[in-house]
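These notes are about the structure you will find just below.
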Amino acid sequence: MTQRLDRLLSLADPVEAMADIGTDHGFVSYAYLKKNLAQYVYAIDISEPSLEKAKKTLWPFTGHYACLLGDGLKPLKKGQVQALVIAGMGGRSIANILDEGEDLAKDVDYLLIQAMQGEEVLLRYLREEGYGLLAEALAFERGKYYRILKITGKNKGEEISLEEPRLLLESGDPLLKDYLHHHLERLEEVKENLQKAKTLSPRSREWLEVTRKENQIRSWLHDYCGENL
């Protein structure tokens, strides 16, 4: 089991039925059944070859799954599932899926989402559409950090922030310290590039904004990780 899948499952609550959107090999669906997190799963993908792979993965659970060919949430009906997992695709693609299937997405008990890239686009969409944040976790694979969000459209949870990931900071996630240091390093690279360009001074708006973000992360490292920087 990959770390991303393990951390995703750590946020899952047991439900009667769930849907795994963009299932590919069907690993998320398989894990839900194996860990008794769902009695029935719908493995959905727009690719027929992917569904064939999912069928091979899920065959030990015959009678407890259906592999459905279709785009996003379109193969599902409202009330058919209590949980949705949309992981392993771009943030804009996830936002589009949620937008096109809004009635169903906001009807389930929870959604677990994880973007491979385009996280800021996704967070902005979720905030604008009124989704609430229930919990989140971090994963690290192949040199990259991933945020996994547990959200709901049922007027519960924390307001989603584009600035401060409060639930993540308070979670005690074992990867939090390294994750924050990673972002500090990226901001330092931005500053180095600005210096090389020689077009911006230390008093420029962009430079000051990067410095503000650096100071914010250092304060989080102090307050939540016990570091003195």
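Okay, residues lined up against (1) surrounded by 15 or more Cβ atoms within 10 Å (Cβ to Cβ); (2) without any contact (Cβ under 8 Å) to a residue 12 or more places away in the chain; (3) in contact with a Leu (Cβ under 9 Å, 6 or more places away or on another chain); (4) assigned to a helix (DSSP H, G or I):
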{"position": "1", "(1), (2), (3), (4)": "no, no, yes, no"}
{"position": "5", "(1), (2), (3), (4)": "yes, no, no, yes"}
{"position": "12", "(1), (2), (3), (4)": "yes, no, yes, no"}
{"position": "16", "(1), (2), (3), (4)": "no, no, no, no"}
{"position": "20", "(1), (2), (3), (4)": "yes, no, yes, no"}
{"position": "28", "(1), (2), (3), (4)": "yes, no, yes, yes"}
{"position": "31", "(1), (2), (3), (4)": "yes, no, yes, yes"}
{"position": "40", "(1), (2), (3), (4)": "yes, no, yes, no"}
{"position": "43", "(1), (2), (3), (4)": "yes, no, yes, no"}
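Only one entry of 153, 132, 157 meets the criterion of being modelled with pLDDT of 95 or more, farther than 21 Å from residue 89 by Cβ and in contact with a Gly (Cβ under 8 Å, 6 or more places away or on another chain), and that entry is 132. Yes or no: residue 28 under 14 Å from residue 86 (Cβ atoms) and either in contact with a strand residue (DSSP E or B) (Cβ under 6 Å, 6 or more places away or on another chain) or not charged (D, E, K, R) (or both)? When the stated conditions are applied, residue 28 passes them.
Conditions tested, residue by residue: (1) in contact with a strand residue (DSSP E or B) (Cβ under 9 Å, 6 or more places away or on another chain); (2) under 20 Å from residue 180 (Cα atoms); (3) not hydroxyl-bearing (Ser, Thr, Tyr).
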| position | (1), (2), (3) |
| --- | --- |
| 106 | yes, no, yes |
| 119 | yes, yes, yes |
| 125 | no, no, no |
| 134 | yes, no, yes |
| 140 | yes, yes, yes |
| 147 | yes, yes, yes |
| 155 | yes, no, yes |
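Rundown of residues vs (1) at pLDDT below 90; (2) among the basic types (Lys, Arg); (3) closer than 30 Å to residue 28 by Cα, yes/no style:
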| position | (1), (2), (3) |
| --- | --- |
| 128 | no, no, yes |
| 141 | no, no, yes |
| 149 | no, no, yes |
| 161 | no, no, yes |
| 180 | no, no, yes |
| 188 | no, no, no |
| 200 | yes, no, no |
| 207 | yes, no, no |
| 222 | no, no, no |
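The values are calculated or read from the model by the stated rules, or taken from the named source; none is laboratory data. The model shown is predicted, which means the values in this text are computed figures rather than measured ones. Ideal geometry is used to build each Cβ from the backbone, glycine not excepted, and the neighbour counts take in all protein chains shown.
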